[in-house]
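The structure under discussion appears below in the form of structure tokens.
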Number of protein chains: 2
Amino acid sequence: MSTNDSTLARRLGKSAEILVRHDSPFNAGPPPEIATASFVTPNDLFFVRNHGDVPEIDPRTFHLTIEGRVKRPFRISLEELRRLPKITLAATLQCAGNRRQELMAAQPIPGELGWGTEAISTAEWSGVPLRDVLAVAEPTAEGRHVELHGLDETERHGHRFTFGGSIPLDKAVRPEVLLAYEMNGQPLLPVHGFPLRAVVPGWIGARSVKWLTRIELRDEPSENYFQAKAYRLFPSHVGMDDVVWETGLMLGEFNLTSVIASPTEGGTLAAGSHVVRGWAYAGERRVERVDLSLDGGRSWLVAELEPERSRWAWRRWEARIDLPSGPTELACRAWDSAAQTQPEHPGQVWNFKGYMNNSWHRVRVNAA
Amino acid sequence: MSTNDSTLARRLGKSAEILVRHDSPFNAGPPPEIATASFVTPNDLFFVRNHGDVPEIDPRTFHLTIEGRVKRPFRISLEELRRLPKITLAATLQCAGNRRQELMAAQPIPGELGWGTEAISTAEWSGVPLRDVLAVAEPTAEGRHVELHGLDETERHGHRFTFGGSIPLDKAVRPEVLLAYEMNGQPLLPVHGFPLRAVVPGWIGARSVKWLTRIELRDEPSENYFQAKAYRLFPSHVGMDDVVWETGLMLGEFNLTSVIASPTEGGTLAAGSHVVRGWAYAGERRVERVDLSLDGGRSWLVAELEPERSRWAWRRWEARIDLPSGPTELACRAWDSAAQTQPEHPGQVWNFKGYMNNSWHRVRVNAA
């Protein structure tokens with residue numbers, strides 16, 4: 001990271017240690033070796049995935065509007081929202097593009113951010129359950145999708161528009177979905193959506209819309225670019241030239257993934273006993289087991305999982321290994337509560353937008 | 001199948017075509033080439049996975065008891081149950097041991113049924129939502145697990161006991177979980193649990209307890225052998241000699257799987273145009289895409305999925321291929337609504353009880 005990056009990071013309330021992937025819009029995350037230092041990611045290290053500039057919002061005049069397919073549309077101020085019953089929930093957010101770098105190594109993905117493993121973090125979010133607000137508005141029978149509109153502007157293919165996306169009503173009314181105004185006990189940083197954002201645990205980060213200004217009940221999913229075109233999964237043979245956007249799998253719930261956070265790629269260590277550390281995340285499911293291999297998946301040892309601290313958060317793990325002299329490739333994979341495990345190779349999940357890579361994570365080290 | 005098998009099958013109300021894996025207890029399923037002939041499996045072809053003899057039950061004296069951690073324990077007769085609001089739901093059931101044969105080919109699994117791909121079927125179930133009955137009993141705060149007791153007896157390790165298992169309360173109160181007394185518009189066949197069974201869509205078949213006689217609310221999961229010991233997933237290095245039962249992953253929700261039903265293994269076909277047919281199933285998630293490869297996974301074509309007929313059922317698929325002369329290995333894999341796909345090899349999911357094999361399904365054919 002250059003000095004410029006670190007000045008920019010600090011101006012946005014971020015640590016000088018954060019790994020900056022893009023300056024403007026600002027996109028950054030904690031370096032792997034400190035990502036799992038604590039269960040909750042400190043606010044100044046929490047990853048940032050923005051699609052436009054950070055909007056400046058006056059909290060005194062800010063209102064959230066609820067409208068569309070509802071019986072009682074209404075507007076509510078930040079102060080009124082803060083007077084509603086408040087809940088706090090530890091939840092992990094992850095960008096759908098996390099671990100894209102490994103896909104790029106298999107085959108280039110131009111025009112997308114080259115995330116390593118750092119586009120994931122965990123916070124204690126405080127706010128109002130979305131369902132409490134929806135209950136007041138009373139969705140009609142047609143109101144089957146909840147569209148979340150942000151105030152941040154972006155430009156794609158010559159059009160300027162604001163960020164947004166939708167989630168189905170049956171997810172929106174679950175108790176874990178929040179309208180959050182605090183993160184780890186502090187008001188949201190501007191870069192994280194001040195004064196109000198959605199938090200949709202278990203789903204791709206793009207649905208946790210920041211600078212949330214309007215909620216619209218709809219009969220169909222959002223037509224916003226970031227739902228109608230981006231954040232869709234296409235077969236590996238499809239590219240920018242022949243893509244038919246509406247045929248892609250519309251991303252929502254997260255798949256199962258796991259990462260070795262320490263040691264890091266290319267590290268040199270002493271031969272002998274080491275503790276390998278990492279995290280695993282299963283979206284709406286639970287992480288049940290993490291395996292670590294030193295021989296390319298021929299044999300596996302079972303890692304020790306940190307007790308589940310929140311139904312909606314990652315689980316950190318560690319495994320003691322005896323590292324032989326010479327080069328070793330470490331690989332990890334997880335198992336979720338449906339006995340599902342991860343695919344082996346990035347090539348098996350490669351797609352031209354570079355989303356949802358959940359192949360085994362590998363780290364090559366050398367022992368002297 | 002021998003003549004004996006087919007006589008037995010017919011005595012139990014089953015088609016002579018059914019593939020019998022074990023006589024006593026009776027275990028059988030539809031042969032692959034007719035498994036996907038219809039979305040709903042006819043009653044006489046629906047797979048059977050029993051652990052003991054079929055109990056004989058007089059429906060006039062039959063009662064279901066609800067007790068344990070509830071405020072109002074009660075008994076209800078079959079006639080009373082049938083007077084409660086009835087719902088009908090198409091749901092797929094699958095045995096956790098389906099596709100075990102492929103695991104056995106990788107490494108032997110003694111003492112377990114060698115299921116091919118036939119331990120899965122779909123029916124229209126009619127009955128009462130379990131939650132309606134639970135609402136009357138009112139579980140206390142400690143009643144977090146719903147244990148389902150069957151009347152069928154079995155013997156393991158010298159102990160004789162009845163079949164049972166539990167599901168967490170949060171699954172039990174979902175609208176799709178039924179106390180079913182009809183299957184495809186007919187009273188349940190004795191072999192399928194007459195007069196009453198649980199149907200737990202999206203979960204392993206073992207939780208859809210047949211000959212259901214007692215529901216017990218508990219603070220912990222069932223201690224029945226079939227939950228405390230069997231139907232758990234262990235790492236591949238664990239075997240019968242060193243297993244510590246309580247450390248296994250307690251199976252529940254199903255993982256993602258898909259199968260080529262036609263052509264079948266070892267078939268000889270003419271070179272040229274063929275339609276390949278199969279099914280895919282995603283447990284509580286949705287099947288979003290099925291891919292078919294003719295070159296071991298180097299390239300894939302996207303199959304055509306039948307429209308979703310039920311949120312809780314399999315989806316059949318087909319793909320037109322141009323089969324070259326000589327031997328070809330067909331392989332399929334699915335993608336679910338969380339953008340999760342299947343692991344490549346049986347060896348990657350092998351476990352000594354042979355559960356939950358969801359590796360790519362392969363069929364080798366020869367074209368003249």
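Its Cα gyration tensor gives the range B:312-368 an equivalent ellipsoid; the semi-axes, largest first and in whole Å, are 25, 18, 10.
With K and R counted +1 and D and E -1, the other residues having a Cβ less than 12 Å from that of B:TRP360 yield a net charge of -2.
Work out the FRET efficiency for A:ARG10 and B:THR140 from their Cβ-Cβ distance, taking R0 = 51 Å, and round it to the nearest 0.05. After rounding to 0.05, the efficiency reads 0.45.
Here A:LYS229 sits with roughly 80 square angstrom of accessible surface, probe radius 1.4 Å.
A cut-off under 12 angstrom between Cβ atoms defines the neighbours of A:ASP5, and their net charge, with Lys, Arg +1 and Asp, Glu -1, is +2.
Note on B:SER236 and A:ALA37: the model spin-label points, each 7 Å out from Cα along the C-beta direction, lie 3.7 nm apart. Residues of the range A:312-338 that lose at least 20 Å² of accessible area (1.4 Å probe, protein heavy atoms only) when the other protein chains are present, relative to their chain alone, are A:ARG333, A:TRP335, A:SER337, A:ALA338. The stretch between B:TRP245 and B:ASP44 holds 68.8 nm of extra length on full extension. This uses 0.36 nm per residue minus the Cα-Cα distance.
FRET efficiency for the B:ALA367 to A:ILE321 pair, using the beta carbon distance and R₀ = 41 Å, is estimated at 0.30.
Shape descriptor for the range A:271-315: Rg over Rh equals 1.03 (Cα atoms; Rh from the Kirkwood inverse mean 1/r). Just checking the listed ones, B:MET183, B:MET240, B:MET104: in the Gaussian network model of chain B with Cα springs under 10 Å, the one fluctuating most is B:MET240.
Please give the charge dipole size of the range A:87-229, origin at the Cα centre, charges +1 on K and R Cβ atoms and -1 on D and E Cβ atoms. Round to the nearest 20 debye. Walk me through the numbers before you get to the answer.
Details: 14 positive and 18 negative charges, 41 e Å.
Roughly 200 debye for the range A:87-229.
Among the listed pairs A:LYS171/B:LYS71; A:LYS86/A:LYS171; A:LYS86/A:LYS353, those whose Cα-Cα separation exceeds 26 Å are A:LYS171/B:LYS71; A:LYS86/A:LYS353. Dividing the convex hull volume of the alpha-carbon atoms in the range A:174-224 by its residue count gives 100 Å³ per residue.
The accessible area of A:TRP245, taken with all protein chains in place and a 1.4 Å probe, comes to roughly 40 Å². One Cα centroid belongs to the range B:193-232, the other to the range A:207-238; the line between them spans 39 Å. Per-residue ellipticity at 222 nm, computed for chain A from helices alone with -39500 (n - 2.57) per DSSP H run of at least four residues, works out to -2500 deg cm²/dmol. For the residues A:HIS157, A:HIS51, A:HIS345, a GNM of chain A with alpha-carbon springs under 10 Å puts the largest fluctuation on A:HIS157. Buried surface for the B/A pair, taken as the accessible area of each chain alone minus that of the pair with a 1.4 Å probe, is close to 2500 Å² in total. All C-alpha pair distances within chain B, sorted into 20 Å bins from zero, spread as 29, 58, 13, 0 percent across the bins. Semi-axis lengths, largest first, of the ellipsoid equivalent to the range A:1-96 are 32, 18, 13 Å, with √(5λ) applied to each eigenvalue of the Cα gyration tensor.
Label separation (B:ASP23 vs A:THR61): 8.6 nm, computed from points 7 Å beyond Cα along the C-beta direction.
A dipole drawn for the protein assembly as shown from +1 and -1 charges on Cβ atoms has a positive end, and of A:ALA119, B:ALA303, B:GLY127 the residue lying farthest that way is B:GLY127. Separation of the range B:51-104 from the range A:328-358 is 37 Å, based on Cα centroids. Ordering A:LEU113, A:LEU189 by accessible surface, largest first, gives A:LEU189, A:LEU113; the 1.4 Å probe counts only protein heavy atoms, with every chain in place. Taken about its Cα centre, the range B:57-145 carries a charge dipole of roughly 340 debye when the Cβ of each Lys and Arg holds +1 and the Cβ of each Asp and Glu holds -1.
Projecting the Cα atoms of B:GLY52, B:VAL244, B:THR41 onto the charge dipole of chain B (Cβ charges, centred on the Cα centre) puts B:THR41 farthest toward the positive pole. For the protein assembly as shown, the Cα gyration tensor yields ellipsoid semi-axes of 43, 32, 26 Å (square root of five times each eigenvalue, largest first, whole Å). The solvent-accessible area of A:SER222, taken with every protein chain present and a 1.4 Å probe, is close to 0 Å². Each Lys or Arg adds one and each Asp or Glu takes one away; over the other residues whose Cβ falls under 10 Å from the Cβ of B:ARG218, this sums to -4. One decimal place: the segment A:ARG160-A:LYS229 gains 23.3 nm when fully extended, by the rule 0.36 nm per residue minus the C-alpha distance.
Across the residues of B:282-288, average count of Cβ atoms on other protein chains within 10 Å?
On the way: counts 2, 4, 3, 7, 3, 0, 4.
Rounded to a whole number, the mean comes out at 3.
Note on the range A:266-368: Rg/Rh from Cα positions, Kirkwood definition for Rh, rounded to two decimals, is 0.99. As a length-normalised measure over Cα pairs under 8 Å and 6 or more apart, the relative contact order of chain A settles at 17 percent. Which of A:PHE26, A:PHE352, A:PHE74 moves most in a GNM of chain A, Cα contacts under 10 Å? Evaluated over chain A, the most mobile residue of the options is A:PHE74. Neighbouring Cβ atoms from other chains, within 10 Å of the Cβ of residues in A:248-254, number 4 on average.
The values are calculated or read from the model by the stated rules, or taken from the named source; none is laboratory data. Because the structure is predicted, anything quoted here is derived from the model rather than measured. Counting neighbours? That spans all protein chains shown, and the Cβs are built from the backbone with ideal geometry, glycine included. Just so you know, the surface numbers come from the protein's heavy atoms only, side chains and all, with ligands and any DNA or RNA stripped out. Shrake-Rupley method; radii C 1.70, N 1.55, O 1.52, S 1.80 Å.
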